[in-house]
Amino acid sequence: MGKYGFLRRPKWLGLLAAVVIIVPSFFLLSRWQLSRLDERRHYNDLVTNQGAAKPVPLESLLTAGAPTSTVTDQLRWRPVIVTGHYDAAHQVLVRKRPLNGTDGFWVATPLITDSGAVVVVNRGWIKVSGAATSTPHVPAAPDGVVTVVGRIQPSQIGDGPQPPDMPIGQISELDIAAIGGQLGSVYPGFVELISSTPAQDSGLQALPLPDLTDGPHLAYAIQWVLFAGVTVAGYVMLARREREYEAELAEERALKKAVAKAEAAERTPNG
């Protein structure tokens, strides 16, 4: 059978089949992580390049009443400026929005612009206080005419009807149609506040820019390649150990045969 003839045994054929399946899977996972890295870098470029632009009037980039699909990557993070007055009566809190490891809410308040169109402003973050079903005290929005500088963000879409036990004034997603649609013509994206004149209460924390590092994707991609290499190396190492074991058994069998043959020769009478 040769030195590696044992590899044709069912056990070793099964192990080889496992290696043939596992190794390509690890390489596919590595490629997936590299694609995630590309997406992360593209996202970081959007934040860095578009977020550094000079603020322009909101109406120069978005059209009130347009579909939410018009808020593309080319518009996201673009700084805009808009003037109007807040409609605090229709303010809502967006649930489960952690910041720096602490759970909290986004405070979303419709702003009625000078033209009568509505833009939803994410005024910032406030931490959870008390039970999950309780509503924290939210600093009031500035009265009168307010000028807001903020970043364009796409509307979020809810998965379905709000849970029946949802506290009044709280929602699960920042869906601009659900918040401002009943007030009139609404802009298709919301504005994430950077600053306002007059300034709002310091009790709300402005949302920071996201983490702009590459994240762990490159390390994970390398890790999956290493796992593939370890799998192949492990199979080879096991095969070599099995070959050495088979060789030792063959030597023992040969030695036993030689001893038995010698003993038989001694017991056979001469002549």
Margin query: Being part of a strand (DSSP E or B), more than 18 Å from Phe105 (Cα to Cα) and β-branched (Val, Ile, Thr): is that true of Thr213 here?
Written below: no
Next item on the list: Would you point out which residue out of Leu255, Leu226, Leu249, Leu207 is part of a loop (DSSP other than H, G, I, E, B) and not assigned by TED's automatic domain parsing to the domain that holds Pro79?
Entry: Leu207
Check: So is Thr133 modelled with pLDDT of 95 or more, out of contact with any helix residue (DSSP H, G or I) (no Cβ under 7 Å at 6 or more places or on another chain) and either part of a loop (DSSP other than H, G, I, E, B) or closer than 21 Å to Ser195 by Cβ (or both) or not?
Finding: no
Item checked: In region 208-222, the residues that are closer than 30 Å to Gly14 by Cβ and either surrounded by 15 or more Cβ atoms within 10 Å (Cβ to Cβ) or in contact with a strand residue (DSSP E or B) (Cβ under 9 Å, 6 or more places away or on another chain) (or both) -> Tyr220, Ala221
Note to self: Filter region 47-63 down to the residues that are out of contact with any Pro (no Cβ under 8 Å at 6 or more places or on another chain), buried (at least 16 other Cβ atoms within 10 Å of the Cβ) and among the aliphatic types (A, V, I, L, M) and list them by number.
What the structure shows: Leu58, Leu61
Notebook entry, point to check: Hey, among the residues in region 231-248 that are surrounded by 12 or more Cβ atoms within 10 Å (Cβ to Cβ) and closer than 24 Å to Leu28 by Cα, which one's farthest from the chain's Cα centre (by Cα)?
Noted result: Tyr235
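Is one or more of the residues making up region 217-229 more than 30 Å from Arg40 (Cβ to Cβ) and aromatic (Phe, Trp, Tyr)?
No, region 217-229 has no match at all.
Quick grid of which residues meet (1) over 18 Å from the mean Cα position of the chain (by Cα); (2) under 29 Å from Gln182 (Cβ atoms); (3) not in a helix (DSSP H, G or I):
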{"residue": "Lys3", "(1), (2), (3)": "yes, no, yes"}
{"residue": "Leu16", "(1), (2), (3)": "yes, no, no"}
{"residue": "His42", "(1), (2), (3)": "no, no, no"}
{"residue": "Val47", "(1), (2), (3)": "no, no, no"}
{"residue": "Ala66", "(1), (2), (3)": "yes, yes, yes"}
Check: Can you name the residue in region 16-43 that is basic (Lys, Arg) and surrounded by 15 or more Cβ atoms within 10 Å (Cβ to Cβ) and, of all such residues, is farthest from Ala233 (Cα to Cα)?
Finding: Arg40
Checklist line | Which numbered condition Arg267 fails, given (1) assigned by TED's automatic domain parsing to the domain that holds Pro24; (2) more than 60 Å from the chain's Cα centre (by Cα); (3) of a type in the set (D, E, K, R) | finding: (1)
Note to self: Just to verify a result, which residue in region 33-81, among those that are of a type in the set (A, V, I, L, M, F, W, C) and either free of Cβ contacts under 8 Å to residues at least 24 places away in the same chain or in contact with an Asp or Glu (Cβ under 8 Å, 6 or more places away or on another chain) (or both), is farthest from Pro154 (Cα to Cα)?
What the structure shows: Leu37
Notebook entry, point to check: Residue check, Ile168 against (1) assigned to a strand (DSSP E or B); (2) at pLDDT below 95, all met but one. Which one?
Noted result: (1)
Item checked: One residue from Thr231, Thr268 being of a type in the set (Ser, Thr, Tyr) and without any contact (Cβ under 8 Å) to a residue 24 or more places away in the chain -> Thr268
Note to self: Would you confirm whether or not region 84-91 contains a residue that is assigned to a loop (DSSP other than H, G, I, E, B), modelled with pLDDT of 90 or more and more than 29 Å from Pro167 (Cβ to Cβ)?
What the structure shows: no
Next item on the list: Look at Thr72 and say whether it is surrounded by 12 or more Cβ atoms within 10 Å (Cβ to Cβ) and either outside the structural domain of Val230 (by TED's automatic domain parsing) or modelled with pLDDT under 95 (or both).
Entry: no
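The values are calculated or read from the model by the stated rules, or taken from the named source; none is laboratory data. Here the structure is a predicted model, which is why all the values come from computation and not from measurement. Please note: Cβ atoms are built from the backbone with ideal geometry, for glycine as well, and neighbour counts cover all protein chains shown.
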